[in-house]
Structures are given as C-alpha cells and as structure tokens.
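Below is one structure, written out as structure tokens; comments come after it.
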Amino acid sequence: MNRIVFDAPVGPLGLEEEGGALRRLYLPNQPAEPAGEETPVLVRGRAELLEYFRGERRAFTVPLEPRGTPFQRRVWDALAAVPYGETVTYGALARQIGSPGAVRAVGQANHRNPLPIFLPCHRVVGADGSLTGYAGGLDMKRFLLELEGAAYGKK
C-alpha cells in the first residue's frame, strides 16, 4: 500500500493505491500520512483531481478499486454514472440499482464510499433537492457542486 498527501483547494487530500489502482481518498477532515512510495497511479490520481479542481476535467480515468460489499459496489458503480454537474436523489439511486426500498442502505453505502469525488457521492441530494450529509462536510459538498455548476437546493 502506497499513500501520498497533497494540497488541494479544499484542503489536504490523501490518496492510497494498492495493486495498480486507487483504493481510498482521504478528505481534509480524515488525516492521512504518506506511506510507501509515490507510484504512477498516485501521480495520475493527484493530477486528475487537481485538473478537476481547476475545472479542466469532468471525468476520471485513473483505475479505481474500492473495497466493499456487492451492494456497496453496485451503489458506487451507479454513483460513477451520475454525470458531472448533475444531482440525483437517494431514492432515484436506489431505483437505479434495482432496490427501490433500500434508500437508507444506499445512504449508508454513500457514507462508506472510500473514493469520494472519484465516485461522486457529493452529487447525491435529499428528496427535496436539499444538501444532505457528506464525509467532507456540507461546505465541501456545496463547493464541489458549485464547481460543477450543479443545481441543488430545496425545490
């Protein structure tokens, strides 16, 4: 396992790589220490994130391998399909993965997302369009949505 820490517009971020793919993104409120070596995947992940923050990147191409249950992986795959600048509700995400009654479980899978931003859980909003919890805090969620030009807020 290799990890780097770097400065971003939202604060210090940490990226963790194992086996040639990103495994985890540490947000500013999740302290991380560098470990191992700076690999090509970590360099690419950092570059893609910084391009995203500059408004130069809308999709990520770096390999991702988050660890989770099969249900969590379905939710995270659905997150990856939410277009840049758009939002989705927890209910819509639950329906999209074929589990319309699993709205709370979808919320928990979002909460356990090890690769926020790459798997854009910040694009998930409440049923009324309001901002709901985010591992990096609501200010960071607001920042990311505004960076993307996403419409959100109570309808």
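Got a number for residues in segment 102-155 being within 22 Å of E65 (Cβ to Cβ), in contact with a strand residue (DSSP E or B) (Cβ under 9 Å, 6 or more places away or on another chain), hydrophobic (A, V, I, L, M, F, W, C) and part of a loop (DSSP other than H, G, I, E, B)?
4
Sort through L131, L144 and tell me the only one that's buried (at least 16 other Cβ atoms within 10 Å of the Cβ) and over 20 Å from L15 (Cβ atoms).
L131
Specify which of the listed residues (E65, E86, E33) is among the charged types (D, E, K, R), under 23 Å from P9 (Cβ atoms) and not assigned by TED's automatic domain parsing to the domain that holds G11. Give the steps one after another, and end with the answer.
Values: E65 fails: under 23 Å from P9 (Cβ atoms); E33 fails: not assigned by TED's automatic domain parsing to the domain that holds G11.
Every option except E86 fails the conditions.
The values are calculated or read from the model by the stated rules, or taken from the named source; none is laboratory data. Because the structure is predicted, anything quoted here is derived from the model rather than measured. When we count neighbours, we look across all protein chains shown, and the Cβ atoms used for this are built from the backbone with ideal geometry, even at glycine.
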